[in-house]
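Data block below; observations after.
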2 protein chains.
Amino acid sequence: MQDEDLAAIMRALGHPVRLSILRIVARQERGQCCCSDVTESLTLAQSTVSQHIKVLLDAGLIERQPKGTRNCYILQRERLEAVGSAYGGLIAGICGPAINEQAKAG
Amino acid sequence: MQDEDLAAIMRALGHPVRLSILRIVARQERGQCCCSDVTESLTLAQSTVSQHIKVLLDAGLIERQPKGTRNCYILQRERLEAVGSAYGGLIAGICGPAINEQAKAG
DNA sequence: ACCTTTGATCGTTGCTTTACGATAAAAGAT
DNA sequence: ATCTTTTATCGTAAAGCAACGATCAAAGGT
């Protein structure tokens with residue numbers, strides 16, 4: 001994963017409300033999924049929640065699934081885990097091989 | 001680590017230039033450290049770089065170390081790794097126990 | 001004592017984000 | 001066919017961010 005992509009995802013994760021939304025989506029996933037559920041759990045206007053959801057959608061962290069009159073969302077677990085790996089890679093490339101600076105060049 | 005803190009750090013990591021700065025700091029750490037080094041490696045004004053550095057400082061991802069007329073920066077490896085763990089915890093709490101929704105309540 | 005280097009900070013400009021209410025479209029219910 | 005529910009989108013205001021040049025303070029060099 002490229003720096004720009006990782007940064008974009010980090011930005012998407014960089015708001016406490018959006019972390020909450022991820023948790024809410026995860027929690028309710030097996031019963032119904034949600035969206036007005038999310039709005040109920042947060043003291044925010046529906047339009048605001050919808051906007052946050054869009055950010056998560058654009059980052060590929062959740063997926064939309066129309067279901068009748070409502071839109072359900074499901075976690076993109078693989079993507080969430082890929083972000084973890086990408087970050088791990090960044091850290092490894094930063095914290096590990098910092099011992100010899102030539103490592104990057106060679 | 002709390003959601004708000006994690007989100008704040010994510011936001012700090014949410015800009016490609018700042019990821020680059022982390023890399024540059026890591027690379028040069030053992031020789032001199034840097035700062036004008038960073039500015040040289042990036043096609044950005046010194047003030048802009050300084051601003052990005054401040055964001056990383058405030059997030060606790062690097063540390064300042066005055067050295068004569070220049071300011072050197074060093075990675076806060078533990079913090080970077082703590083972020084990885086915190087994210088891992090988030091993922092685990094989200095991707096794992098989503099199978100039974102009662103887990104969170106009980 | 002003076003000049004230079006380094007780098008933080010200030011002030012500004014333009015863009016993006018966050019929050020809101022209002023509106024509109026799609027699906028279901030009556 | 002009409003009404004309701006759900007939710008995305010629009011428009012907007014306020015706050016925040018990213019980039020810049022200019023400036024100022026601190027440390028070293030001459």
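The values are calculated or read from the model by the stated rules, or taken from the named source; none is laboratory data. What you are looking at is a predicted structure, and each value in this text was computed from that prediction instead of being measured. For accessibility, only protein heavy atoms count, side chains too; no ligands or nucleic acids. Shrake-Rupley method; radii C 1.70, N 1.55, O 1.52, S 1.80 Å.
Measuring nothing but protein heavy atoms, the accessible surface of the stretch A:3-96 at 1.4 Å probe radius is 47 percent carbon and sulfur. The residues of the stretch B:3-99 present an accessible area of 49 Å² per residue when probed at 1.4 Å with all protein chains retained. For A:M1, the accessible area of its heavy atoms, probed at 1.4 Å with every protein chain present, is near 120 square angstrom. Buried accessible surface for the B/A chain pair comes to about 3100 Å², total over both chains, computed with a 1.4 Å probe.
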